[in-house]
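Read the structure below first, then the notes.
The values are calculated or read from the model by the stated rules, or taken from the named source; none is laboratory data. Bear in mind that the values here come from a model prediction, so they are computed numbers and not experimental data. Cβ coordinates were reconstructed from backbone atoms using ideal geometry, including for glycine residues, and neighbour counts include every protein chain displayed.
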Amino acid sequence: MRLTKTIMLYVGVIAVTLFAVLPFIWMIMTSIKPPNEIYSNPPSFFPSTIQLDGYKAMLDPGADDNVNFIKWFYNTAIVSVLTTIFSVIISAMGGYALSRFRFRGRMGTGYLILVTQMLPGSLLIIPLYIIMRDLQLLNSHFGLVLAYTTFAVPFCTWMLKGYFDTIHPSIDEAAMVDGANRFTTFARIVLPLTLPGLVSTAIFALITSWNEFLFAYTFLNGYDKWTLSVGIASFQGQYVVNWDYLMAGSVFTTLPIVLVFWLLQKYMISGMTGGAVK
């Protein structure tokens, strides 16, 4: 009976892993196939010969006038990093306030922040567009950062609140007895103890801004301002889809997120279990 359960467990894990990983493997295989094999019927999983034209077009700005992958990558990195920084700073202060301070309407304010996560982005696209237009932030990366931050902050605030709740208030009191003010206690005593929670929050904000398409497509109308999601989507035309470009660009877009997860996975797991879940 124990052997049967073990076999079933491994079979289930392998099945789930293949279900999650197979699309990425197919993406990589398609990115190195010759064009005639991409449209073959039935499609072949492994290419007969390896061609890297899509990767060359992504890395060489002069290879194709319609492709400026390096610039799009730079734009995405700037927007994602700024969104992550703003989200972590605002969420850390908001989560600490909700965890430590007792004021009238505290829980109502927290629930109101959380309710904003229930609103789909498509519902807010028009109001945000009008706001960005009035502030003259259309076709601006800073405007895109502000839009992304508004969606990342609510969830990150609640995640960090849960983590701050696991740190006993006596630590704050001991620091203030030794002469530290509230901000010094927060910045130099409590915040370093929440490193796993901060990393989890940063990863969530980074992924939210890195993969977002709708706002970037709506707010950015300049070719040199595009982010990766908009630039890669441009490879799909009305009648023709450049699958080699599309898949090669997707591979390059996925690699940074995979690398971040690989380097910071232990912090993210401990942050999720120690804060939001607990």
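Matching residues to (1) among the polar types (S, T, N, Q); (2) within 13 Å of Gly249 (Cβ to Cβ); (3) modelled with pLDDT of 85 or more; (4) touching a strand residue (DSSP E or B) at 6+ places or on another chain (Cβ under 9 Å):
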{"position": "Thr4", "(1), (2), (3), (4)": "yes, no, yes, no"}
{"position": "Thr17", "(1), (2), (3), (4)": "yes, no, yes, no"}
{"position": "Met27", "(1), (2), (3), (4)": "no, yes, yes, no"}
{"position": "Tyr39", "(1), (2), (3), (4)": "no, no, no, no"}
{"position": "Gly62", "(1), (2), (3), (4)": "no, no, no, no"}
{"position": "Lys71", "(1), (2), (3), (4)": "no, yes, yes, no"}
{"position": "Val81", "(1), (2), (3), (4)": "no, no, yes, no"}
Checklist line | Qualifying positions in segment 213-224 - under 23 Å from Tyr55 (Cα atoms) and either at pLDDT below 90 or touching a strand residue (DSSP E or B) at 6+ places or on another chain (Cβ under 7 Å) (or both) | finding: Tyr223, Asp224
Next item on the list: Look through segment 237-251, keep the residues that are among the hydroxyl-bearing types (Ser, Thr, Tyr) and within 25 Å of the chain's Cα centre (by Cα), and return whichever of them is nearest to Pro61 (Cα to Cα).
Entry: Tyr245
Note to self: Can you confirm whether Phe46 is touching a residue at least 12 places away in the same chain (Cβ under 8 Å), within 30 Å of Thr208 (Cβ to Cβ) and either among the hydrophobic types (A, V, I, L, M, F, W, C) or not in a helix (DSSP H, G or I) (or both)?
What the structure shows: no
Note to self: For a quick check of your reading of the model, give me the residue pairs whose first member lies in segment 162-183 and is within 17 Å of Leu198 (Cβ to Cβ), whose second is aromatic (Phe, Trp, Tyr) and surrounded by 13 or more Cβ atoms within 10 Å (Cβ to Cβ), with beta-carbon atoms closer than 7 Å and at least 6 apart or on different chains.
What the structure shows: Phe164/Tyr96
Check: For Ala15, all conditions in the list (1) small (Gly, Ala, Ser); (2) within 25 Å of the chain's Cα centre (by Cα); (3) not assigned by TED's automatic domain parsing to the domain that holds Val258 hold save one; what is the number of the exception?
Finding: (2)
Checklist line | Failed item in (1) touching a Pro at 6+ places or on another chain (Cβ under 9 Å); (2) surrounded by fewer than 16 Cβ atoms within 10 Å (Cβ to Cβ); (3) of a type in the set (A, V, I, L, M, F, W, C), with Ile113 passing the rest | finding: (2)
Check: Which of the residues spanning segment 187-200 are hydrophobic (A, V, I, L, M, F, W, C) and under 26 Å from the mean Cα position of the chain (by Cα)?
Finding: Ala187, Val190, Leu191, Leu193, Leu195, Leu198, Val199
Checklist line | Output for segment 18-43, where each listed residue is within 29 Å of the chain's Cα centre (by Cα), closer than 29 Å to Thr227 by Cβ, outside any loop (DSSP other than H, G, I, E, B) and hydrophobic (A, V, I, L, M, F, W, C) | finding: Phe19, Ala20, Val21, Leu22, Phe24, Ile25, Trp26, Met27, Ile28, Met29
Margin query: Among the residues of segment 74-85, are any assigned to a helix (DSSP H, G or I), over 29 Å from Pro192 (Cβ atoms) and touching a residue at least 24 places away in the same chain (Cβ under 8 Å)?
Written below: yes
